[in-house]
Amino acid sequence: MTSQRYLSELFSLDDRVAVVTGGSSGIGRAIAGALARAGARVVIVARKEPELAAAVDELVAEGCRAAWVSADLSTRDGVRTAAERAAEVFGEPDILVNSAGINLRPPMDELGEDVWDATMAVNLEAPYLLGQRFGPGMAERGFGRIIHVTSQQAHRAFVQSGAYGVSKGALESLARSQAEAWSPHGVTCNTLVPGFVMTPLNARLSSDPEKVAALAARTMVGRNGLAEDFAGAAVFLAGRASGYVTGQAIFVDGGLSVH
């Protein structure tokens, strides 16, 4: 067996269909691009059409198969509509990546029900509903990969974790519950845990050079994360190579969590 064939059997996503929420920017865009370049047909789901079109156009120009669906994931009806529209493009997905999220961080004593509800709707309820829509079908077909993007705040409180940290901690618990339900049928469910990554979601912190430098100093590699740092981990979790990895939180954080 050649090395190319061996690696292809482990990591190729040919003939797979992936749905990636939040795939028009930041970590989600990097993951969508990685899955598409590894051979998957990718549907990107997000809100802003110009960003969606730009992300898909880039992939199509490289010969990848990709499409987009504009959707509001803050309501149950919006999530359900997005799921059906996404499944119409290339068929039922084999891979679901939940990267869409909102990052509202008022001080705890100013945290209102509106922020709480909005955070839980996008960060937790949308992944739950999408899992309920696609997970059973994956299990019936005998193969599936569900990947959630969470946060350091799922494990430790800092920089006003608030409702955001709660939603990400619950999302990791959701992954374990999904793994328990569907992994016996070939569906693995895991989370990717970023460190501090310079993306639009972290604009509040990334605009402060001192805080950016302090966070970089907390890592073992001496720098903050980049969206493209998640490409390899995402392809691994999406393919055959990770068939015995489920219910896990995979830290892609330069060692920040253990330093």
Selected residue (only one of Val245, Val235, Val221 is more than 15 Å from the chain's Cα centre (by Cα), open to solvent by less than 70 Å² (accessible area, probe 1.4 Å) and β-branched (Val, Ile, Thr)): Val245
Enumeration of residues in the range 38-55 that are in contact (Cβ under 8 Å) with a residue 12 or more places away in the chain, part of a helix (DSSP H, G or I) and either open to solvent by 10 Å² or more (accessible area, probe 1.4 Å) or within 22 Å of Phe236 (Cα to Cα) (or both): Glu49, Glu51, Ala53, Ala54, Ala55
Residue within the range 21-29 that is within 19 Å of the chain's Cα centre (by Cα), over 19 Å from Arg145 (Cα atoms) and assigned to a loop (DSSP other than H, G, I, E, B) present: yes
Failed condition for Trp116, given (1) under 29 Å from Phe158 (Cα atoms); (2) under 19 Å from the mean Cα position of the chain (by Cα); (3) of a type in the set (A, V, I, L, M, F, W, C): (2)
Failed criterion for Phe90 (all others in (1) under 30 Å from Arg16 (Cα atoms); (2) touching a Gly at 6+ places or on another chain (Cβ under 9 Å); (3) not hydroxyl-bearing (Ser, Thr, Tyr) hold): (2)
The range 114-161, residues that are closer than 23 Å to Gln248 by Cβ, touching a residue at least 24 places away in the same chain (Cβ under 8 Å) and hydrophobic (A, V, I, L, M, F, W, C): Leu124, Ala126, Leu129, Leu130, Phe134, Met138, Ala139, Phe143, Ile146, Ile147, Val149, Ala154
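Take Thr246 and decide whether it is assigned to a loop (DSSP other than H, G, I, E, B), in contact with a Cys (Cβ under 8 Å, 6 or more places away or on another chain) and touching a residue at least 24 places away in the same chain (Cβ under 8 Å).
Values: assigned to a loop (DSSP other than H, G, I, E, B): yes; in contact with a Cys (Cβ under 8 Å, 6 or more places away or on another chain): yes; touching a residue at least 24 places away in the same chain (Cβ under 8 Å): yes.
Criteria met by Thr246.
Given the structure, is Leu171 crowded, with 18+ Cβ neighbours inside 10 Å, touching a Pro at 6+ places or on another chain (Cβ under 7 Å), closer than 30 Å to Val17 by Cβ and at pLDDT 95 or above?
Judged against the criteria, Leu171 is a match.
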Criterion: out of contact with any Pro (no Cβ under 6 Å at 6 or more places or on another chain), in a helix (DSSP H, G or I) and under 27 Å from Ala118 (Cα atoms) - qualifying residue of Arg156, Arg145, Arg176: Arg176
Flag for Ser70 being small (Gly, Ala, Ser) and buried (at least 19 other Cβ atoms within 10 Å of the Cβ): no
Check on Leu111, open to solvent by less than 80 Å² (accessible area, probe 1.4 Å), without any contact (Cβ under 8 Å) to a residue 60 or more places away in the chain, under 24 Å from Gly162 (Cα atoms) and not β-branched (Val, Ile, Thr): yes
Scan of the range 123-138 for residues that are of a type in the set (A, V, I, L, M) and open to solvent by less than 20 Å² (accessible area, probe 1.4 Å), ordered by number: Ala126, Leu130, Met138
Odd one out for Val60, checked against (1) open to solvent by 60 Å² or more (accessible area, probe 1.4 Å); (2) of a type in the set (A, V, I, L, M, F, W, C); (3) in a loop (DSSP other than H, G, I, E, B): (3)
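The values are calculated or read from the model by the stated rules, or taken from the named source; none is laboratory data. On a predicted model such as this, the values are computed, not experimentally measured, just so you know. Note that each Cβ is placed from the backbone with ideal geometry, even for glycine, and that neighbours are counted across all protein chains shown. Surface accessibility is based on the protein's heavy atoms, side chains included, excluding ligands, DNA and RNA. Shrake-Rupley method; radii C 1.70, N 1.55, O 1.52, S 1.80 Å.
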